[in-house]
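The structure appears right after this line, and notes come after that.
Every number here is computed from the coordinates shown, using simple stated rules; none is lab data. In this text the structure is predicted, and so the values were computed from the model without any measurement. Cβ placement follows ideal geometry from the backbone for every residue including glycine, while neighbour counts extend to all protein chains displayed.
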Amino acid sequence: MRRRALAAVLLSAALLAAGCSGSSDPGAADDSALSPADPAKVSGEITVLTNRTDQVTDGTMQKYADLFNKDYPHVKVKFEGVTDYEGEVKIRMNTDKYGDVLLIPNSVVTADYPKFFASLGGAADLDAKYTAAGTGKGKVGDKVYGLAGFSFINGFVYNKDVWTAAGVTTWPTTPAEFLTGLQAIKDKTGATPYYTNYKDGWPLSSWSSVLGSATCDAKANDKLPTGNPWAPGSDLNTGDTLLYDIVKNKLSESDPTTTNWEDSKGLLATGKIATMWLGSWSLAQMQDAAKKAGKNPESIGYMPFPAQVGGKFCSVVAPDYQSAVNIHSPNKAAARAWIDWILEKSDTAAVNQAVSALKGAPLPSALKPFTDAGVQFIDLSQADSAKVSQIDNLSEVGISKPEYRQHLIDVARGAGKGDLNTIFADLAKKWSEAAKNLG
Amino acid sequence: MTDLKTGPRAQARPEADHGPRPADPPHRRRATWPTRLTPWAYLSAALVLLVAFTYIPVANMISYSFTDWDGVSPDRDFVGVDNYVELFTRPDLFHVFFVSLFYLAAAAVQIVVALYFATVLTFKTRFRNLFKGLLFFPYLINGVAVAFVFLYFFKEGGTLDTVLAIVGLHPDRLWLGDPDMVNISLSGVSVWRFLGLNFVLFLGAMQSIPAELHEAAEIDGATRWQVFRGIIAPSIRPIIGLSVILAISGSLSVFEIPFIMTRGFGESKTFVIQTVKLAFDFNKMGLASAMAVVLLAIILLITWVQRRLVPDERAEKA
């Protein structure tokens with residue numbers, strides 16, 4: 001009996017402790033981080049959280065810090081590379097200590113930005129300087145809380161030699177033409193026409209970036225909360241149908257469940273894989289893989305989604321991680337100075353082959369074929385992205401998560417029940433119910 | 001799936017004595033208080049760790065399960081039993097327990113095979129220690145490494161297909177890609193990995209059986225099967241009981257191997273994988289906590305039922 005009493009005491013003590021560890025109120029005093037006017041007066045030590053652990057270990061970040069110190073001599077910059085960035089930073093954000101400058105984890109809902117991050121200024125001011133892709137996602141009300149330093153476009157990265165060997169030398173302009181091209185690769189070369197990267201999952205989620213590319217509609221994202229995202233003719237419908245047809249016609253790898261992302265880079269570079277749908281960030285990695293395999297990096301090509309509106313391809317410029325300043329940071333001015341400097345004065349965008357958020361900045365060299373071919377770049381409006389992610393989570397659809405496309409591939413290869421229409425109908429039903437519940 | 005490492009043992013590791021220790025027990029009178037407190041002083045380190053790393057997190061989880069917390073936001077609202085209502089009105093969330101049946105069947109196979117090998121190796125066998133080592137070895141390998149090794153093993157044209165081709169078999173199946181096959185493949189990995197643990201538990205119990213019993217049986221001319229039925233099995237009943245409990249709770253909470261190998265695609269999603277996905281992919285920390293609480297309750301219930309059906313025999317032995 002006494003043992004029970006002890007257990008009860010322990011348990012209630014634990015419950016009490018749990019109850020006490022509630023939320024703490026954010027420091028209300030100074031919650032904005034505006035660009036400092038005089039670099040010489042900015043001082044303090046800041047910690048920068050980054051997902052680029054490679055750049056922290058190889059000294060690239062330190063080089064940027066040294067250059068930064070020429071302009072801001074009194075700021076000391078420290079870096080902290082986080083391997084599992086999403087998972088770890090999200091948990092650290094339950095405390096006050098999540099660095100001074102950080103990239104906003106995707107799981108943080110936009111409405112909560114003011115609770116975690118210092119305001120970077122009024123939307124009108126920043127819009128004058130940065131593109132819509134740069135500021136769009138970080139807007140809450142008329143203030144901006146996060147700046148996406150650079151953006152990427154999405155397209156098919158492909159091996160030029162394989163496509164040429166199959167007799168396809170111009171970019172397909174319709175999904176049907178694209179499928180014909182893949183079929184020719186299958187028939188004429190030994191290559192796997194398309195590689196899904198099903199097992200690793202996340203490469204499949206980049207299919208969400210089809211949004212806006214097929215219809216050339218900058219408002220495609222804003223239309224998601226009110227409409228059916230998989231309605232015939234919509235971007236997601238077009239993209240997912242193409243993926244389904246690729247798998248259904250056996251134009252992808254025969255065992256998707258044992259794919260390997262790291263290997264796939266080498267396989268594409270050596271022409272064993274012909275095509276993959278990925279963001280333009282992957283180009284640098286593919287070219288590296290080609291060099292390592294002793295092939296010409298020039299053989300890595302990039303093509304837009306096979307759809308044209310008014311005779312022109314469209315490619316959406318999708319923002320990468322947004323930089324933000326911790327609202328609990330004691331050195332907000334120094335933190336903001338770092339963000340400004342990285343965005344405006346460093347060469348990070350060019351090195352990463354990314355589109356800079358600065359208005360009027362030149363496009364990266366890897367996108368030259370796109371500009372030459374007159375591909376239209378559109379900035380997807382992010383006005384309703386908070387609503388979209390709310391509906392997405394509530395409905396458990398996961399528009400930008402791999403699960404539903406893995407299921408789509410399973411159905412297409414005959415390893416799951418149903419067909420494309422039942423999948424779309426099911427997704428649309430979950431989506432509209434969640435949208436209705438949110439009101 | 002019977003992973004003893006996750007048992008309470010691992011959490012309560014006394015490293016330093018944090019608790020107050022009575023400095024110098026007075027010698028003059030037979031002090032009642034200090035002497036009574038002494039055992040608690042020794043226990044305190046373990047208790048502090050146990051409470052800090054087991055009870056407080058569990059209590060936290062229970063409190064989250066009554067909120068709509070998303071896992072990041074500093075605010076959370078109390079929503080009462082809404083999460084539990086949602087959980088019990090969504091049959092799709094419980095559908096995944098069907099997958100556990102594969103692991104339960106595998107666990108049964110695992111216990112039988114482990115018993116067989118343990119029995120064989122209790123008797124004098126050539127290369128006995130070598131076989132013991134071979135059987136126990138997989139359990140020592142890190143689960144992540146096991147998962148990666150088996151990804152190559154099950155790959156199309158991988159190790160398994162190659163070996164089968166040598167003996168002239170061409171099953172032409174995707175071991176992980178076939179929805180009817182994937183859970184069998186994965187539970188096979190689980191058997192491979194945890195067989196050694198069961199085996200060692202059984203072997204240890206069997207070796208504590210007095211040699212005279214074996215000798216007497218031999219003199220009486222008992223066959224191996226009779227020795228197993230009449231001597232070995234009754235002597236190691238508590239260990240078999242323990243293994244069964246661990247097997248059931250293990251197969252309800254399978255996570256590591258399928259999560260690393262498949263992340264739950266196709267038909268391989270287990271209850272815990274689903275919980276993790278809801279908590280971290282869809283930010284439904286409240287609902288996921290409720291699911292974890294329900295799983296805990298189910299396992300406690302099964303343990304209680306099992307203890308009722310097969311009571312501890314320690315009392316009658318004494």
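Classify chain B from the C-alpha gyration tensor, please: rounded if a/c falls under 1.5, else prolate or oblate depending on whether a/b exceeds b/c. Oblate. Near the amide H of A:K139, within less than 5 Å, lie the amide hydrogens of A:Y145, all on another chain or at least 5 residues away, with H placed in the peptide plane. Taking 7 Å steps out from each Cα toward its Cβ at B:R237 and B:I209 produces label points 1.4 nm apart.
If R0 equals 51 Å, the separation of the Cβ atoms of B:L309 and A:N437 corresponds to a calculated FRET efficiency of about 0.70. For the residues of B:173-181, the average number of beta carbons from a partner chain within 10 Å of their own beta carbon is 4. For the pair A:T169 and A:D66, label points projected 7 Å from Cα toward Cβ lie 4.8 nm apart. If you build a Gaussian network model of chain A, linking Cα atoms that sit under 10 Å apart, which residue out of A:L34, A:L147, A:L278 swings the most? In this elastic network of chain A, the residue with the biggest mean-square fluctuation among A:L34, A:L147, A:L278 is A:L34.
By how many degrees, 0 to 90 and rounded to 10, does the Cα axis of helix A:385-395 deviate from the longest principal axis of chain A? Compared with the principal axis, the helix lies near 80 degrees. In this structure, the amide hydrogen of A:I273, modeled 1.01 Å from its nitrogen in the peptide plane, lies closer than 5 angstrom to those of A:T192, A:L268, counting only residues at least 5 positions away or on a different chain.
Other residues whose C-beta falls under 10 angstrom from the C-beta of B:P179 contribute a net charge of -3, scoring Lys and Arg +1 and Asp and Glu -1. By definition, a body whose alpha carbon gyration tensor gives a ≥ b ≥ c is oblate when a/c is 1.5 or more and a/b is not larger than b/c, and the range B:163-318 fits this oblate description.
Rg/Rh for the protein assembly as shown stands at 1.02; both radii use Cα atoms, and Rh follows the Kirkwood definition.
Any of A:K188/B:K155; A:K129/B:K284; A:K250/B:K284 with alpha carbons more than 31 Å apart? Name them for me. Mind showing how you got there, number by number?
Numbers: A:K188/B:K155 26 Å; A:K129/B:K284 37 Å; A:K250/B:K284 37 Å.
A:K129/B:K284; A:K250/B:K284, as the Cα separations exceed 31 Å there.
The separation of the range B:171-185 from the range A:407-439, counted between C-alpha centres, amounts to 24 Å.
Candidates A:W261, A:P306, A:A123 compared by Cα position along the dipole of chain A: farthest toward the positive end lies A:W261, with charges placed on Cβ. May I ask for the longest run of chain B untouched by chymotrypsin sites (Phe, Trp or Tyr not before Pro) that are loop-located per DSSP and have at most 16 neighbouring C-beta atoms (other than their own) within 10 Å? It works out to B:128-318. The sum of -39500 (n - 2.57) across all DSSP H runs of n ≥ 4, divided by the residue count of the protein assembly as shown, sets its helix-only mean residue ellipticity at 222 nm to -15000 deg cm²/dmol.
What's the average, rounded to a whole number, of partner chain beta-carbon atoms within 10 Å of each residue's beta-carbon in A:49-61?
Values: counts 0, 0, 0, 0, 0, 0, 0, 0, 0, 0, 0, 0, 0.
Mean number of neighbouring Cβ atoms from other chains: 0.
Under a 5 Å amide H cut-off, with hydrogens placed 1.01 Å from N, A:L380 pairs with A:V317 among residues at least 5 apart or on other chains. Where in the range A:195-211 is the amide nitrogen less than 18 Å from a point lying 7 Å along the Cα-to-Cβ axis of B:V144? The answer is A:200-202, whose backbone nitrogens lie closer than 18 Å to the label point. Remark: spin-label model distance B:F123-A:T57 equals 5.4 nm, labels positioned 7 Å along the Cα→Cβ axis.
Which links in A:K291/A:K401; A:K137/A:K223; A:K186/B:K269 stretch past 25 Å when you go from one Cα to the other? Write down the numbers at each step before the final one.
On the way: A:K291/A:K401 31 Å; A:K137/A:K223 16 Å; A:K186/B:K269 33 Å.
Over 25 Å apart, Cα to Cα: A:K291/A:K401; A:K186/B:K269.
Converting phi to 3J(HN,Hα) with the Karplus coefficients 6.51, -1.76 and 1.60 and the offset θ = phi - 60°, the range A:266-279 yields x, 5, 5, 5, 8, x, 7, 10, 8, 8, 8, 8, 8, x Hz in sequence order, with x at every glycine or proline. Estimated from the Cβ-Cβ distance and a Förster radius of 41 angstrom, the FRET efficiency linking B:T159 and A:L358 is about 0.20.
Hey, got the average number of other protein chain Cβ atoms within 10 angstrom for residues in B:253-262? Working shown, then result.
On the way: counts 0, 0, 0, 0, 0, 0, 0, 0, 3, 5.
For peptide B:253-262, the averaged partner shielding equals 1.
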